[in-house]
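For reference, the structure is listed below as structure tokens.
A short reminder: the numbers here are calculations on the coordinates, not readings from a lab. All values reported here derive from a predicted model rather than from experimental measurement. When we count neighbours, we look across all protein chains shown, and the Cβ atoms used for this are built from the backbone with ideal geometry, even at glycine.
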Amino acid sequence: MRHRVKGRKLRRTASHRQALLKSLATSLLKHKRIKTTVAKAKETRTFVEGIITKARKNDLSAKKYVMNLIKDKEVVKELFGEIIEKIGNRPGGYTRVVKLGNRSGDAAEVAILELVDYNDVANAKAEANKEKKEAKAKAKKEKEEAEVEDAKVVEESNSKK
């Protein structure tokens with residue numbers, strides 16, 4: 001029985017699992033969203049949210065703790081600068097897991113793990129695609145109307161003869 005046992009083993013040794021979580025956390029903080037399996041995403045979510053909560057203190061102890069887990073200095077600077085500034089007033093729930101379905105190769109469940117307040121990049125892309133579709137639909141409609149007007153002109157010229 002697994003009573004009161006936290007976390008997932010992910011079929012790895014403890015050191016390999018810790019290295020995986022550190023790597024996924026670094027990638028998430030660097031790119032603001034990553035695509036991985038659902039189990040890894042859920043486990044990384046708890047890992048990253050602990051790091052962000054600790055980083056919100058923004059003191060020397062917090063910086064040393066975070067630098068011990070995340071080895072990329074640029075990512076640490078970005079975390080304490082931009083990310084904490086944007087997420088600082090949120091009382092938790094800094095990440096979101098969005099399930100995508102199964103991967104075609106091995107049928108593993110795949111998900112996107114993203115920072116909550118950084119989805120404006122994805123929203124901007126979606127909005128741009130929506131605008132393109134609307135523009136195409138409008139152009140198609142105008143083209144059809146022009147063809148209808150041409151057809152009316154042809155009919156009028158035939159009836160006048």
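Of all residues in segment 1-27, those satisfying the criterion of being surrounded by 13 or more Cβ atoms within 10 Å (Cβ to Cβ) and small (Gly, Ala, Ser) are Ser23, Ala25, Ser27. Scanning segment 62-109 for residues that are hydroxyl-bearing (Ser, Thr, Tyr) and either touching a residue at least 24 places away in the same chain (Cβ under 8 Å) or surrounded by 11 or more Cβ atoms within 10 Å (Cβ to Cβ) (or both) gives Tyr65, Tyr94, Thr95.
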